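A.B. asks: One structure, pasted below without further comment.
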């Protein structure tokens, strides 16, 4: 017997492509702009959201029949805030310099529309297992875009990946000629992230015409 049914598999795979939280639902754009200048920060933020959304969805699902409707948003905020504090403390303990780079953006996971949206739209109406798969799927969809954007921004903006030089030596001038790779400073500022995300959206819709909105 297969571990995952077709519906369960779709909960994970759909957000990776045709229902991606960033490129299709247009959620979580702020962090995609702010922390993707470095690939390492993008990976850590992706892993943080996977943990928070995966565990958070399960907790909300377990509590769904006990939460009074009038305070459900408050309960959801308490759950996600608790998980974010755990992530923040782990980063400060084991990756302090990176935690300073991410700084306020880890805390802003609390207000990430993707997380609160999945709590409301899915975890409150489904069992823990399906809620877990939904959380992991949407977090992976979010994380994949962050990592792609972070990859191209660091590579083209700094000539590095994970801080290691990739695109050759710095530019040196010999007479009238210049050799080496000259960093594209535009790629490390937030507007470049919008351009990269826009290219991803264009590629998605070119591949799947059904995603194009009709006027």
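The values are calculated or read from the model by the stated rules, or taken from the named source; none is laboratory data. Small disclaimer: the values here were computed from a predicted structure and weren't measured. Neighbour counts are summed over all protein chains in view; Cβ atoms, including those assigned to glycine, are modelled from backbone coordinates with ideal geometry.
A.B. asks: Check 41, 81 and return the single one that is surrounded by 13 or more Cβ atoms within 10 Å (Cβ to Cβ) and within 28 Å of residue 185 (Cα to Cα).
C.D. replies: On inspection, the qualifying residue turns out to be 41.
A.B. asks: Give all pairs with beta carbons closer than 8 Å in which a residue from region 173-191 that is over 19 Å from residue 40 (Cβ atoms) meets a residue that is in a loop (DSSP other than H, G, I, E, B) and modelled with pLDDT of 85 or more; count only pairs at least 6 apart in sequence or on separate chains.
C.D. replies: Hits for this filter: 181/159.
A.B. asks: Which count do you get for residues in region 92-137 that are part of a helix (DSSP H, G or I) and either within 14 Å of the chain's Cα centre (by Cα) or surrounded by 14 or more Cβ atoms within 10 Å (Cβ to Cβ) (or both)?
C.D. replies: 30
A.B. asks: In region 139-147, is there at least one residue being under 23 Å from residue 33 (Cα atoms), part of a helix (DSSP H, G or I) and free of Cβ contacts under 8 Å to residues at least 40 places away in the same chain?
C.D. replies: no
A.B. asks: Among the residues of region 24-39, is any in contact with a helix residue (DSSP H, G or I) (Cβ under 7 Å, 6 or more places away or on another chain), closer than 14 Å to residue 119 by Cβ and modelled with pLDDT under 90?
C.D. replies: Within region 24-39, one or more residues are in contact with a helix residue (DSSP H, G or I) (Cβ under 7 Å, 6 or more places away or on another chain), closer than 14 Å to residue 119 by Cβ and modelled with pLDDT under 90.
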